[in-house]
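The values are calculated or read from the model by the stated rules, or taken from the named source; none is laboratory data. This is a predicted model, so every value here is computed, not measured. Cβ sites come from the backbone with ideal geometry, for glycine too, and all protein chains shown count toward neighbours.
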Amino acid sequence: MAELFAVRNLRLCTKDCLCLYVCPTGATDTENSIIDREKCIGCGRCAAACPSGAISMVPKEMPPQQPKSDQVIDALRVLIQSKNQAELVASQLPGPLAEAIRRSCRLMAEDLCREAGYMLPQSGNTRALLEHLSATEACAKELADSLLSSLSFNEPAPAAAAPVEKWRCTVCGYLHEGPLPDDFHCPRCGQPASVFVRVEE
Ligand code: SF4
Ligand code: SF4
């Protein structure tokens, strides 16, 4: 079984300090809210004691990213696009419920991106993204380098792929990646391929 350590969700923590008193190593600090990874032995007592469900036990080493078939990834992409479309529709409606739906659609689209295999910690894709940020984004370099040195990646960064064509819908701004067939229609606003312009990078 993977070695575990405890993490605290600050939004759920009610600071009653039960975790502080059950921890055998003094790893949980309710003053600064940080659980010390160096001291945590992964016993799970804090998570079991916490009345708010604020502590989770997570593996120190993530499993390698599982390969997904093109069919599954294509299905996830279609679902992501449908969430994008729903987000756009909700953003044009008034009221707090519409705003809640807009945010919910965004969240689900982000989860689907993770499911599609692009954002797993310790994966090769994450490593490639951090290396790219370190090399190209001055403001993100320090953070990217720090993550690169502290994460134990379990697979190499994938070989750099050939540049992908990108097309922008001039009506709604939707960004399409890959070849643009003549019969293509914008999944957001339904406009034909003729309204798309190529994005030069
Ligand atoms: S037991 Fe849970 S709610 Fe209480 S201080 Fe610890 S993390 Fe926060
Ligand atoms: S898992 Fe155990 S050692 Fe780690 S913080 Fe919780 S109680 Fe302390």
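For region 131-201, no strands (runs of 3 or more DSSP E) sit wholly inside it while including 3 or more residues that are in contact with a helix residue (DSSP H, G or I) (Cβ under 7 Å, 6 or more places away or on another chain). Could you list, in sequence order, the residues of region 16-33 that are assigned to a loop (DSSP other than H, G, I, E, B) and under 28 Å from the mean Cα position of the chain (by Cα)? Once the filter is applied, which keeps residues that are assigned to a loop (DSSP other than H, G, I, E, B) and under 28 Å from the mean Cα position of the chain (by Cα), region 16-33 yields 27, 29, 30, 32, 33. Cβ-Cβ distances below 8 Å connect the following pairs, each with a first residue in region 64-82 that is under 18 Å from residue 185 (Cβ atoms), a second residue that is in a loop (DSSP other than H, G, I, E, B), and a separation of six or more residues or different chains: 77/116; 80/116; 81/187; 81/188; 82/187. A single entry from 94, 51 fulfils the requirement of being modelled with pLDDT of 90 or more, within 16 Å of ligand 1 (Cβ to nearest atom) and not in a strand (DSSP E or B): 51. Of all residues in region 23-43, which are loosely packed, with under 14 Cβ neighbours inside 10 Å and closer than 14 Å to residue 58 by Cβ? Once the filter is applied, which keeps residues that are loosely packed, with under 14 Cβ neighbours inside 10 Å and closer than 14 Å to residue 58 by Cβ, region 23-43 yields only 37. Just wondering, is there one or more residues in region 80-89 that are within 14 Å of ligand 2 (Cβ to nearest atom) and either in a loop (DSSP other than H, G, I, E, B) or modelled with pLDDT of 90 or more (or both)? No, region 80-89 has no match at all. For first residues located in region 15-31 and closer than 14 Å to residue 47 by Cβ, partners that are among the charged types (D, E, K, R) and near ligand 1 (Cβ under 6 Å from one of its atoms) and lie 6+ apart or on another chain with Cβ distances below 9 Å form the pairs 19/8; 28/8. When 19, 105 are checked against the criterion of being touching a helix residue (DSSP H, G or I) at 6+ places or on another chain (Cβ under 8 Å) and within 16 Å of ligand 2 (Cβ to nearest atom), a single residue qualifies: 19.
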